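Working notes, structure below.
Computed from the coordinates by the stated procedures, all read-outs in this text should not be read as laboratory data. What you are looking at is a predicted structure, and each value in this text was computed from that prediction instead of being measured. Reconstructed Cβ throughout: ideal geometry from the backbone, glycine too, with neighbour counts over all protein chains shown.
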Amino acid sequence: GAYDESAAGGPRVRIANYMLGPSNCIASSTYYSICCISECESLLNQLEAKVRAPVASPNHLLELVGHMSSSTVDSHREFSDVLVSKLQSIADHHGGDVPLHGRLFSQWMHYAFPNECPYPQVVEDVAALDPRTWTGSKAAAASQDERARIAAQGLDDVLGQNGSSVASLADNVAAGLLWSDDDQEAGKATAVELQWTEEEVLHAHDGSSLKSGTQRGSLTSSVMRLAFQGALLFSLMRVLINWQSSMGGSSSKNRKKAKCEDYELPF
């Protein structure tokens, strides 16, 4: 999912996907790999701690995420109308609430934190490429000519989009005037609209209504718990009755034996 061919102006590399992808891990063993720490997991852990449920309303999520910050995103921010509408569409898709562990919400988090959360691709092939795929291959690294060609192509794309020369581009970058705030927001909204997909993948639920599924699950667990407690109580009562019966039988035998000894003849 690191290679994005849908971006305007030519292919791009999603930095979050590249950094967190298996191809960037150190495959030092068949049992584990050393990978980059995902800052997106920390953000999701904060949400889980505050929501304490598998689903949440879109307004609640907007309030919580708006007060969250990362290494590149400040807290106390307002979301664009596109992101608000996309989050509401996720809730409408699931009957009013947003599942925190679904693909659509992961996609929304990618646009809310583009440098921390990877774009969730719909994986069709479970075979992921790791560094061992290119071990011993001469084509594992790009040549200097290929890297220069790709860098020049990227510079031409930037210049073409801004209609600038190299000198004016450097001046604008130094002055912070390469793109205005309005242009940046418009570009983000366009990217969301172009790359947003409605395919959902739920890792922990398979019902169309998570809320009703949660209620059915809690009702079933309550019934099972009551049945288990009833069976345990019944077993304890049976053990107690058998113990009392055995104690009563042994005491009656002792009384009969004592009565027989009273009538023993002195021979």
Problem set entry | Among the residues listed as ARG103, ARG77, ARG12, the single one being without any contact (Cβ under 8 Å) to a residue 24 or more places away in the chain and closer than 22 Å to VAL122 by Cα | ARG12
Exercise. Any residue at all in region 39-52 that is under 18 Å from the mean Cα position of the chain (by Cα) and more than 18 Å from GLU116 (Cβ to Cβ)?
Worked result: yes
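Filter region 64-95 down to residues that are of a type in the set (Val, Ile, Thr) and within 19 Å of the chain's Cα centre (by Cα) and give me whichever is nearest to GLU199 (Cα to Cα).
Restricting to residues being of a type in the set (Val, Ile, Thr) and within 19 Å of the chain's Cα centre (by Cα), the top hit is ILE90.
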Exercise. Under the condition of being under 13 Å from SER70 (Cα atoms) and of a type in the set (Asp, Glu), which residue from region 29-54 is surrounded by the most Cβ atoms within 10 Å (Cβ to Cβ)?
Worked result: GLU39
